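J.: Let me give you the structure first, and then I'll get to my questions.
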């Protein structure tokens, strides 16, 4: 048999791995969601988060670079439920024509009256039961975008979802061991509604679902009276919000600082909440410790 030229042999050997190593370009709206996509997508997905670490997804203002990243994306993820009010404009400006995958699809939502309107709470991922739903929706979207690597996404996605479900059970047991009367805390804004609903914790906050909402003098006075009446002794600041308002209320009520929580943004890579799993563990541990 006639030997193949060396150049042809090298080309044949290198072509196969190149064909197999498909990598999707994914854009996610904020760090928590981007981390879920990374955990499910693994080496087959390159993920960019539009809102960076410690960034506020409510007040985020996209740049031309964000529009460019979206234009070049194979797959795009948002949390939905009204959190990313800036996303529709960004998608239009970028010219992205693909599907915008809503990670919160299928979740039982909660809502409240805010400034005379009925508003859906967008912070669904703070319940780890919902986090598993996010991961499932992400896994299905990646399989649809890259069917060739479906088995890989299913394997990684299933293992990650199992980890999130274990964390959900751990959180339930952690708070079940604390008397209900002690399960009350003060935070900067109303980002822990789904967390509170799932793990039976009462959260009070001067601001509503969005960090852009403003508390009136009357709201502040009634909140201070409620905190005193319910003897709530601990307050938390949030990594992505201005802490001055909650500190002012704490001074009025005598509440002590319980530390920093990460409800909407992960920390930098060297911080205590560099991943969604780390952030949830940190939040549960800090909140539970403040009640003991």
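J.: Condition first: under 18 Å from residue 275 (Cα atoms), touching a helix residue (DSSP H, G or I) at 6+ places or on another chain (Cβ under 7 Å) and free of Cβ contacts under 8 Å to residues at least 40 places away in the same chain. Now tell me which residues in the stretch 161-194 satisfy that.
T.: Scanning the stretch 161-194 gives 161, 165.
J.: A further question on this structure: Suppose we filter the stretch 48-81 for residues that are surrounded by 22 or more Cβ atoms within 10 Å (Cβ to Cβ) and in a strand (DSSP E or B); how many remain?
T.: 5
J.: Follow-up. Among the residues of the stretch 144-160, which ones are in a helix (DSSP H, G or I) and touching a residue at least 60 places away in the same chain (Cβ under 8 Å)?
T.: Matches in the stretch 144-160: 145, 148, 149, 152, 153, 156, 157, 160.
J.: Same structure again: Yes or no: residue 85 in contact with a helix residue (DSSP H, G or I) (Cβ under 7 Å, 6 or more places away or on another chain), under 22 Å from residue 191 (Cβ atoms) and part of a loop (DSSP other than H, G, I, E, B)?
T.: Taking the combined requirement at face value, the residue does not satisfy it.
J.: Any idea which residue in the stretch 101-142 is farthest from residue 276 (Cα to Cα), counting only those that are modelled with pLDDT under 95 and assigned to a loop (DSSP other than H, G, I, E, B)?
T.: Once the filter is applied, the top-ranked residue is 116.
Yes/no per residue for (1) closer than 29 Å to residue 118 by Cα; (2) modelled with pLDDT of 80 or more; (3) surrounded by 21 or more Cβ atoms within 10 Å (Cβ to Cβ); (4) under 21 Å from the mean Cα position of the chain (by Cα):
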site: 163; (1), (2), (3), (4): no, yes, no, yes
site: 167; (1), (2), (3), (4): no, yes, no, yes
site: 179; (1), (2), (3), (4): no, yes, no, no
site: 182; (1), (2), (3), (4): no, yes, no, no
site: 188; (1), (2), (3), (4): yes, no, yes, yes
site: 191; (1), (2), (3), (4): yes, yes, yes, yes
site: 197; (1), (2), (3), (4): yes, yes, no, yes
site: 207; (1), (2), (3), (4): yes, no, yes, yes
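J.: Any idea which of 120, 136 is surrounded by 15 or more Cβ atoms within 10 Å (Cβ to Cβ) and over 19 Å from residue 24 (Cβ atoms)?
T.: One residue alone meets the criteria, 120.
The values are calculated or read from the model by the stated rules, or taken from the named source; none is laboratory data. Because the structure is a prediction, the values reported are computed rather than measured. Reconstructed Cβ throughout: ideal geometry from the backbone, glycine too, with neighbour counts over all protein chains shown.
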